[in-house]
Every structure is written in C-alpha cells, then in structure tokens.
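This report refers to the structure that appears directly beneath it.
The values are calculated or read from the model by the stated rules, or taken from the named source; none is laboratory data. Values in this document were obtained by computation on a predicted structure and should not be read as measured data. Ideal geometry is used to build each Cβ from the backbone, glycine not excepted, and the neighbour counts take in all protein chains shown.
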Amino acid sequence: MMRAIVGAAFSLVVASAHAQTVNLGITSKLSGSDGGNGNLLVSQAAVLPQPGTIQSLSFYVNTAAGELVLGVYDATGPNGGPGKLLAQTAEFTPGANQWNTQPTTTNPMLAAGNYWLAYLPSSNSLGFPNNMSAGSYAARSVTFGSALPASFPSSPFTGVTEWSFYGTVNVTPQLNLSLSSFVPCTATPGSEVAVVSSSGGDGNAIKLSLAGDVTDFALNATNPPANVVVGPNGIAAANCGKTFVETITATQN
C-alpha cells in the first residue's frame, strides 16, 4: 500500500553577498557654466535603479568660493517634487576644478525610485558646470546654514537644467534562490527530491549548506544548481507523513 506524501518545509536563506555601489545622478563633468546661486537651495531630479544605503554626495566645482552643503530629498513633494530631507553632508569648503565628495552624516536605506539631489551654496561666486537642455530642477531661496530644511520649501520655481552632481549608494546584489520539492515516503536513498537554483548575486561563487531537525536529506553539491536528495539511510518510517523543517543557506563570498 502507498504511504502518505511527506510535506517538506524547506526555507531558503541568503547569508551574505558583497556590497557594490551605484550612482544616483550625473557623474560626468558637463560643458555648461553656472553660478550666482548663493543662498539658493537647488535640487535636481535623479533616479536610483536599485535599493541601497546612501554613502556620499559629489558635486563638481569650477570656481571655489564660500561654503557648500549637499543633500538628498525624497519625491513626496507636490507633483513628485522634492519633499522630505533624507540625508545631507556637513558644511564644507569646496575645492576648484574638481569633484567635491563628502560623506553623508547618516546612511539611510533608499528604495529604488525617484529622488532630488540638493545643493546650497553660501556665495554667488561659486562656479560649477551645468546643462540647460536636460534634467529637472526645483529651487527656493534659503538663508545659508549647516542644516538643510527638513522639508523642501514650498512653492519652488522649477525648470530644465542639470548639474554635475551625484550620490554614491551601496547596494547588496539580491541573490535569489528557488526550490521545487516533492518528497514521497518511498523515496530511495540518494534519490532527488528537490532542486535548488539561483539567480542574481554579485557573480562570486555560492556555497550551499543544509541543516534541519532530521537527517533524512542531503545536498549532492555545494553550489547551485544542486539537488536535495534523500539521505543514505532513506526516510525513517517514523518520519513518514511528517513535515520536515530544513534550512538551505547560501553564502556568497
């Protein structure tokens, strides 16, 4: 007589993966020239392609003058404009003819989506490259200070321009594991009962391990694709009909 099908509760765990970086904004030095924005909080639209933690903000300066503060706002303002301040740099003295990269004072997690990168100069003499034929900006007069407004000021004036300005975001490539399982009690030792496959990740080798509350199963390989097989002693009669709790862990070094 056929015995009952065993329920197999396999959980999949990604233990680690290497962090990588993506940029939010314009990473090239643009050909235009701009200035005269002292005490003006200017933000430009940017898109983050995948979630991660903001690490730093970089702004290219042609002519150095005064002080500068950089920040990033979410897109919860009217019509998708700048809304809540998410992170900012400390006030700093920019250098001329170079990228000025400053760490953010906090490192919040940012979801993939739309953001606004903001800069606030203290001097009208600060000069920087721009492109007046692309991008979207929103700006509002603000008295210079080391702390940016927690919410972007209401009723900003808007237009088309972008600046050489970007954020660096740490992302952990998503490693996805999938599992198909079908475990009859009559499965013989060494027979395949599930297949573990992977996608994504950072391209480094993946090591699999299996642990659980019984010893009825094993992996036939330490890297995906791998088969979950019935252990050398088969499935114990006492465990027939039981829901097994097994954990498959993937570690990417």
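Among strands (runs of 3 or more DSSP E) lying entirely in region 122-192, which contain 3 or more residues that are touching a Gly at 6+ places or on another chain (Cβ under 7 Å) and either more than 30 Å from GLY231 (Cα to Cα) or at pLDDT below 95 (or both)?
Because the criterion is at least 3 residues that are touching a Gly at 6+ places or on another chain (Cβ under 7 Å) and either more than 30 Å from GLY231 (Cα to Cα) or at pLDDT below 95 (or both), the strands (runs of 3 or more DSSP E) in region 122-192 that meet it are 165-171.
Could you list, in sequence order, the residues of region 36-68 that are closer than 17 Å to ASN107 by Cβ and either at pLDDT below 95 or not aliphatic (A, V, I, L, M) (or both)?
In the first step, residues of region 36-68 are kept if they are closer than 17 Å to ASN107 by Cβ; the result is 48, 50-58.
Scanning region 36-68 gives GLN50, PRO51, GLY52, THR53, GLN55, SER56, SER58.
So which of GLY113, GLY167 is touching a residue at least 40 places away in the same chain (Cβ under 8 Å), on the phi > 0 side of the Ramachandran plot and not polar (S, T, N, Q)?
Going through GLY113, GLY167 in turn, the sole match is GLY113.
Go through region 111-127 residue by residue and tally those that are in contact with a Phe, Trp or Tyr (Cβ under 6 Å, 6 or more places away or on another chain) and more than 11 Å from LEU68 (Cα to Cα).
2
Being of a type in the set (A, V, I, L, M), in contact with a Pro (Cβ under 8 Å, 6 or more places away or on another chain) and modelled with pLDDT under 95 is true for just one of ALA87, ALA111. Which residue is that? Break it down into steps so the answer makes sense when it comes.
Working: ALA87 fails: modelled with pLDDT under 95.
Within the list ALA87, ALA111, the selection yields ALA111.
Quick test for you: out of PRO108, PRO149, PRO103, pick the one residue that is more than 23 Å from the chain's Cα centre (by Cα) and closer than 23 Å to LEU48 by Cβ.
Checking each option against the conditions leaves just PRO149.
Just to be sure I understand the filter: pairs with C-beta atoms under 7 Å, separated by 6 or more residues or on different chains, first member in region 90-110 and assigned by TED's automatic domain parsing to the domain that holds PHE59 and more than 17 Å from GLY145 (Cβ to Cβ), second member modelled with pLDDT under 95 and outside any strand (DSSP E or B). Which pairs pass?
MET109/PRO51; LEU110/PRO51
Given LEU120, LEU86, which one is within 23 Å of the chain's Cα centre (by Cα), among the hydrophobic types (A, V, I, L, M, F, W, C) and in the same structural domain as LEU40 (by TED's automatic domain parsing)?
Answer to the check: LEU86.
Quick one: in region 57-77, of everything that is under 22 Å from the mean Cα position of the chain (by Cα) and assigned to a strand (DSSP E or B), which residue is surrounded by the fewest Cβ atoms within 10 Å (Cβ to Cβ)?
Checked region 57-77; the qualifying residue surrounded by the fewest Cβ atoms within 10 Å (Cβ to Cβ) is ASP74.
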